[in-house]
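Reading through the structure tokens given below for one structure.
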């Protein structure tokens, strides 16, 4: 039976119900979007005979107004009533950083009651991995500045407690963001509680220096998800030029995963993801290396 004919317990059709519905019955939280834009770039070469070291970087904006004026935050802002979350994310990114037309995927929704001192704010976070050399970063809107920060997130303390129904795992992570002018840091505590088949993870910012709002824990979670995604998707190829060496590709994996990989194992793992070409590098000071390209027909057989 159509909705316009069905009646509720008060005898109202949907049309009658909507005509008398009081939207002010429930207080409305504000909704924002926050974007994690990651890239991998080369550090300055110190020896032309060696491949440059690669580093993971994250785009941050310097807040130009209260709250947290002068501190650094993820690009983002409030969602308008007539736009979707995806539309708001793309608009805010363009307004605050001048980045346009990139693919982003929704990461997580953050809804702690006191996460924003202005009002009750729920935020949908997005993540993207981009080639920063193709972007023209410019701060605008309410941002004083927009810059790339080298980012690292390392586990430095872990404690597991067995309980009657499962276990409790507490971890402390040290987050560092730095560039030529600024050094930001935070400590994030994650608590994983397992009881039978039910598992939940909570995150809390224990200490934050220069990072606005609760963005430190959003960044920690984003890095954790990024490390997971490159294990089973082709997201890493967003960073690669059309032609690349396998050593360059391995370096990108290593800097994101923050660990060294065995060359033989890595090449077996990525063999189906790349196509060998007949071209070689021509860099001075290096032996010519075979160039590869991404295999567009690659699919993850484990999906």
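Computed from the alpha carbon atoms alone, the convex hull of the stretch 240-294 holds 95 Å³ per residue.
All C-alpha to C-alpha distances of the stretch 163-303, sorted into 5 Å bins beginning at zero, yield P(r) values of 2, 8, 14, 14, 14, 12, 12, 11, 7, 4, 1, 1, 0 percent in whole numbers.
Rounded to the nearest 0.05, what FRET efficiency do residue 18 and residue 112 have when you use their Cβ-Cβ distance and R0 = 35 Å? Each step should come with its number before you reach the end.
Details: r = 32 Å, r/R0 = 0.92.
So, using R0 = 35 Å, E works out to roughly 0.60.
Convex hull volume of the Cα atoms of the chain, normalised per residue: 220 Å³. Highest mean first, the peptides 31-40, 11-20 sorted by other C-beta atoms within 10 Å per residue fall in the order 31-40, 11-20. Taking the radius of gyration and the Kirkwood hydrodynamic radius from Cα positions alone, what is the Rg/Rh ratio for the stretch 49-122, to two decimal places? Radius of gyration relative to Kirkwood radius: 1.06. A Stokes-Einstein calculation at 37 °C with viscosity 0.692 mPa s, built on the Kirkwood radius of the stretch 120-213 over Cα pairs, returns a diffusion coefficient of 199 µm²/s. Angle of helix 85-97 to the longest C-alpha principal axis of the chain, folded into 0 to 90 degrees and rounded to 10: 60°.
Pick from 165, 229, 80: which is most flexible by mean-square fluctuation in a GNM of the chain where alpha carbon atoms under 10 Å apart are linked? The residue that fluctuates most here is 165.
Note the angle between two axes, namely the Cα long axis of helix 215-232 and the longest principal axis of the Cα atoms of the chain, as a number of degrees from 0 to 90, rounded to the nearest 10. It works out to around 60 degrees.
For the chain, what relative contact order do you get, as a whole percent, if you take Cα pairs closer than 8 Å and at least 6 residues apart? Please report the intermediate quantities before stating the final value.
Details: 533 pairs, mean separation 43.8, N = 303.
For the chain, the relative contact order is 14 percent.
Values in this text are rule-based calculations from the coordinates and carry no lab data. Not measured: the values here are computed from a predicted model. Neighbour counts run over all protein chains shown; Cβ positions are idealised from the backbone, glycine included.
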